[in-house]
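One structure is given here, and the rest of the page talks about it.
The values are calculated or read from the model by the stated rules, or taken from the named source; none is laboratory data. Keep in mind that what you see is a predicted model, and the values were worked out from it rather than measured. Please note: Cβ atoms are built from the backbone with ideal geometry, for glycine as well, and neighbour counts cover all protein chains shown. Ligands, DNA and RNA are stripped out before the accessible areas are found, and what is left, the full protein with its side chains, is counted by its heavy atoms. Shrake-Rupley method; radii C 1.70, N 1.55, O 1.52, S 1.80 Å.
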Amino acid sequence: MLFIYINGFVLCLSLIVAIGAQNLFIIEQGLAKNHIFWVCLISFLGDCLIIALGVFGIGSVVIESKYFIMGLGLVGIIFLLYYGASSLKSAIKGTNFAKISQAKNTSLKQTVLKSAALSLLNPHVYIDAFVIIGAFSINFSNTAQIAFYFGAITASFLWFFSLGYICKALSRFFTNPKIWRILDFCVALMMLYLAYLLMMFVLK
């Protein structure tokens, strides 16, 4: 069981560390020191729900539906391209630094709602949970699936809270707008690259 737990941990961690819209939001809120505990908690709970669906049920159904995977993939590509373009625009205009400053005044309710939206309405997260994690765990016994699931959500918990609080601790180094432009440009490249990889996956 320990081996299966570690497999779940490593697989989930390898998927979650990619800079995506959800991780970018956590980075922004951490650097802004804005309700970071709740941002990390909501992101983690969203993962708990989606990964559970992938491991214990829906994943096995989705794997059999080529058209569902293709549709979800296309929505995910559009989602990633949108955020990639937004980051590129911020890099060119330098608007993200102002947005981070404004984030400090965002209410807890607004922050929680946006965290939930990025956790539950991100198609890329569902592809990871249903197609990759679900496919990996489909042949496990019920007991092994539980161990695999807890390994996956352990990785999610450690990643989100580490990312959020490390960014909060480093916030004093991100007061220069030029640094934000460089970060936004790197994020834009990563988003566009992820969209390309997802397109290759959908079209294969």
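Results, tabulated for the structure shown:
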item	result
Any pair with Cβ under 7 angstrom, 6 or more apart, that starts in region 118-130 at a residue that is in a loop (DSSP other than H, G, I, E, B) and ends at one that is at pLDDT below 80	Asn122/Ala21; Asn122/Phe79
Scan of region 71-99 for residues that are of a type in the set (Val, Ile, Thr) and at pLDDT below 70, ordered by number	Thr95
Val39 being at pLDDT 85 or above, surrounded by 22 or more Cβ atoms within 10 Å (Cβ to Cβ) and closer than 23 Å to Leu183 by Cβ	yes
Given (1) within 12 Å of the chain's Cα centre (by Cα); (2) open to solvent by less than 10 Å² (accessible area, probe 1.4 Å), index of the condition Leu121 fails	(2)
Selected residue [of a type in the set (Val, Ile, Thr), in contact with a Ser or Thr (Cβ under 8 Å, 6 or more places away or on another chain) and more than 19 Å from Ile26 (Cβ to Cβ)] from Ile132, Ile146, Ile127, Ile138	Ile138
Residue that is farthest from Val55 (Cα to Cα), among those in region 1-32 that are under 16 Å from the mean Cα position of the chain (by Cα) and β-branched (Val, Ile, Thr)	Ile27
Residue within region 100-107 that is farther than 19 Å from Asn23 by Cβ and either at pLDDT 80 or above or under 13 Å from the mean Cα position of the chain (by Cα) (or both) present	yes
Subset of region 154-204 [over 17 Å from Ser43 (Cβ atoms) and of a type in the set (Ser, Thr, Tyr)]	Ser171, Thr175, Tyr193, Tyr196
Test: residue in region 1-17 that is open to solvent by less than 10 Å² (accessible area, probe 1.4 Å), more than 16 Å from Phe148 (Cβ to Cβ) and modelled with pLDDT of 85 or more	no
